[in-house]
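Participant: The structure under discussion is supplied below as C-alpha cells; questions concerning it will follow.
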Amino acid sequence: MEAAPSKPKRTTSATVAAAAGRWAAALAKLPQESEIPPGSAGISLRIHRARIENKKSISELARLVGVAPMTLMRWESGRCFPGVDDVERLAKELRRSPGALVRWA
C-alpha cells in the first residue's frame, strides 16, 4: 500500500505573525549598530545583525553567498573572517555596502 502524499503546509496569518515576532525578538537581543565596534572586532556582529534584519536563515544566506552554512556560522561567531570577495557577496545579499559591513572607523 502506498502512503498518501502529504499536503503542503498552509501559511496562515498567525504563522506569519509568529515568524515576524521571532525575528523581532532575535533582533532586540543584538546590540544597536552604533554600539558595534569598528573593524574586525565588530564585523561578525554586523553580519549577524544584517542577516536577522533581512530575515534570512543561516542556511539561506550561506546558499545565496555560495559558502557552507558552517562557514557563515564561523564568520558570525568571530572565529574567522570573510575575505574581500565574500564581503562583497554578503553585502549584496544583505543590501548593505561592503564598507558598512566592515566599517573600519
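Participant: Taking 0.36 nm per residue of sequence separation and subtracting the Cα-Cα distance, how much length would be gained by fully extending the chain between residue 88 and residue 74, in nm to one decimal?
Facilitator: 3.3 nm
Participant: Sticking with this structure for a sec: Sorting 44, 57 on the 10 Å Cβ count, fewest up front, what's the list?
Facilitator: Working: 44 19, 57 12.
In increasing order of surrounding Cβ atoms, one gets 57, 44.
Participant: Another one. For residue 100 and residue 55 in one chain, what is 0.36 nm times their gap in residues minus the Cα-Cα distance, to one decimal in nm?
Facilitator: 14.4 nm
Where a number appears in this text, it was derived from the coordinates with a stated rule and is not lab data. Everything numeric here is computed off the predicted structure, so don't read it as measured data. Every residue, glycine as well, gets a Cβ built from its backbone with ideal geometry; the counts of neighbours run over all protein chains shown.
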